[in-house]
């Protein structure tokens, strides 16, 4: 049975990424980071992409978000996040997988590769800009261990492409939603901050459901209403 995320107690992490979640030594927390936080180039490109997509979908523009996880075990704290490859020292960041960005043939160039890390005592670089975060997804030790065990099993798909016909491109949000779904948590209760959208999120859920013998049970969606409903409904697909 899928377990529902708890969004009632948002405890913060320090600027250097060390947990100050007192008394909570096991579990999984989700962070929502504005797309391009700390980088004007990515942010401007994200806004241009969203403006075009919103026009094509005939809806208002939404804020775009990137997601990351912080996982707590008795033996340590881990950051799970998809980021660009910045150097050849990925082992220092707990990198367990790399994949191509845009096209397979471009992967020989570092700028066209992404990495997926399972970083012990790691940091989320732009944690100061996180919105409506952290969100506790589970306080169960079994869930925390299961999620970390799944990280190396992530499909190594091309970032920015829809190779499996999931309905949208595969990206960093797809990897996080895939992990949450494969862990068996209630993915349908998770939404980005009000007025926001997480491109790629549904692709991860679709791929995870195909791979799971028993896909996680989805909760009933809440009724959506008000100025942010269009963004939330589009995120749900």
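Some points to look at:
- Annotation: of all residues in the range 109-147 being under 14 Å from the mean Cα position of the chain (by Cα) and part of a helix (DSSP H, G or I), the one that is farthest from residue 189 (Cα to Cα) is 127.
- Residue ID - nearest to residue 145 (Cα to Cα), chosen from residues in the range 75-108 that are part of a strand (DSSP E or B) and in contact with a helix residue (DSSP H, G or I) (Cβ under 7 Å, 6 or more places away or on another chain): 78
- Residue match in the range 111-125 (condition: touching a helix residue (DSSP H, G or I) at 6+ places or on another chain (Cβ under 9 Å) and loosely packed, with under 15 Cβ neighbours inside 10 Å): no
- Filtering 98, 81 for residues that are surrounded by fewer than 16 Cβ atoms within 10 Å (Cβ to Cβ), under 19 Å from residue 160 (Cα atoms) and touching a strand residue (DSSP E or B) at 6+ places or on another chain (Cβ under 6 Å) leaves a single hit, 98.
- Test for residue 187: is it crowded, with 23+ Cβ neighbours inside 10 Å, at pLDDT 95 or above and farther than 18 Å from residue 35 by Cα: no
- Condition check for residue 150: in contact with a helix residue (DSSP H, G or I) (Cβ under 8 Å, 6 or more places away or on another chain), within 24 Å of residue 70 (Cβ to Cβ), at pLDDT 95 or above and surrounded by fewer than 19 Cβ atoms within 10 Å (Cβ to Cβ): yes
- Selection status of residue 68, closer than 29 Å to residue 212 by Cβ, crowded, with 16+ Cβ neighbours inside 10 Å and at pLDDT below 85: no
The values are calculated or read from the model by the stated rules, or taken from the named source; none is laboratory data. This is a predicted model, so every value here is computed, not measured. Here Cβ is always computed from backbone atoms with ideal geometry, including for glycine, and neighbour counts include all displayed protein chains.
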